[in-house]
Amino acid sequence: MTEQTAAPTAATEDPVAPEQELPPTGAVPVAAAEPVPATDVSTMDVPAAEPVPATEPVPATEPVPTTEPVVATEPVAAAEQALAAAESVPAPKSSRRVLRAVARWTAAVLVLGGLGTGTALGITSMERTDVPGLATEDDGRWDYPELSLPALPAGLPRPFNEDNVAEVHHADLRKLLIPAPAGATADKKLTGGWVSTAQFVSEFRKDKRGELTQLLDDSALRHIAARGWTMPDGTRSRVYLLQFNSTAYAQGLRDDTYVSSTPGIPLDWPTELQMDESWNTGGKVPETAVYAFGETKTGKGRIHEAYIQAGDTLALVIHSQQGKKTAEQIPFRQTLILQNQLLG
């Protein structure tokens, strides 16, 4: 809205009436104007004023005091308090009706909100297996501790970072080994530290150990880290991580041992293993390759074996059961997926 300009201020001194001047010679005097008769307003047809649009009811000028936060356990009392506060404010009849309606809706919201909040807090504080409909039966998974990637030396990237073209693992290889799950008995030979080539090749058939040793000598192998344990059900687990000078050497050893659709050099086991066609690679990390084998095409049997190719590192994961008992698939695949993630 533009501001109106104030009228000029009158002079502070009283004006002096000018002397009456005679009309100039030859000027014709003008007759005084006749007065306009007053109009009778009562007899005039005045158009009806246009109705003013109704406005929203104006709430009381005095603000309603803010109440304390409503506790979920007493929603009804809080609603009654809000209703009483609204009715105590003086207002026109139409405004009172609106305020009553608002108070009723507020009461309903407080009641429902209080009940909802109490239910939500109750569910979040319960274990998943305690909530009806969400309970999950034990599927045989092992209780591994929370996993995390180890810190890297300053300025060095992860193996599959775009700045790491060679796909080299700069972290300590021993810290990339999966830890033993809860309830496991540690293997005294495979404690999570460095192991010799002889220890690694002891997992394979005696007549193939010399050949495998020569391949490792020719492949620029840097070192081997390993961890093993035995679970209460008798399942024996071993995980080996072999790191080479480059990704090409790791790939070369995998090719030389014919690991693809077959496990290549056989383990020290009485039966031949077959590719596990039921293996679901949904847990596979991008840029890595996983090859899983078992005594059958479904992977079931007394032994599970798998290789993981991840840049400059080749992993071997073995779960086995002695006697006639079957080694469970679920914990084996769980171990395989978690170890793959640590290498990725």
### Task
Could you size up the charge dipole of segment 204-320 around its Cα centre, putting +1 on the beta carbon of Lys and Arg and -1 on that of Asp and Glu, and report it in debye to the nearest 20?
360 debye
### Message
Taking 35 Å as R0, compute the FRET efficiency from the Cβ-Cβ separation of residue 300 and residue 213 and round it to 0.05.
### Response
0.65
### Task
Report the calculated FRET efficiency for residue 141 and residue 198 (r = Cβ-Cβ distance, R0 = 35 Å), to the nearest 0.05.
0.55
### Tail fraction, Cα-Cα pairs, segment 201-296, threshold 19 Å, whole percent
52 percent
### Task
Set the Förster distance to 30 Å, then compute FRET efficiency between residue 172 and residue 258 from the Cβ-Cβ distance, nearest 0.05.
0.45
### Task
Quickly work out the residue 152-to-residue 186 label distance, labels modelled 7 Å from Cα along the C-beta direction, and quote it in nm with one decimal.
2.9 nm
### Message
Test of the criteria: in segment 204-282, which chymotrypsin sites (Phe, Trp or Tyr not before Pro) are in a DSSP loop and have at most 13 other Cβ atoms within 10 angstrom of their Cβ?
### Response
258
### Net charge, residue 157 excluded, C-beta distance under 12 Å - Lys, Arg +1, Asp, Glu -1
-2
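Since every read-out is calculated from the coordinates, none of them should be taken as a lab result. Computed from a predicted structure; not experimentally measured. Cβ coordinates were reconstructed from backbone atoms using ideal geometry, including for glycine residues, and neighbour counts include every protein chain displayed.
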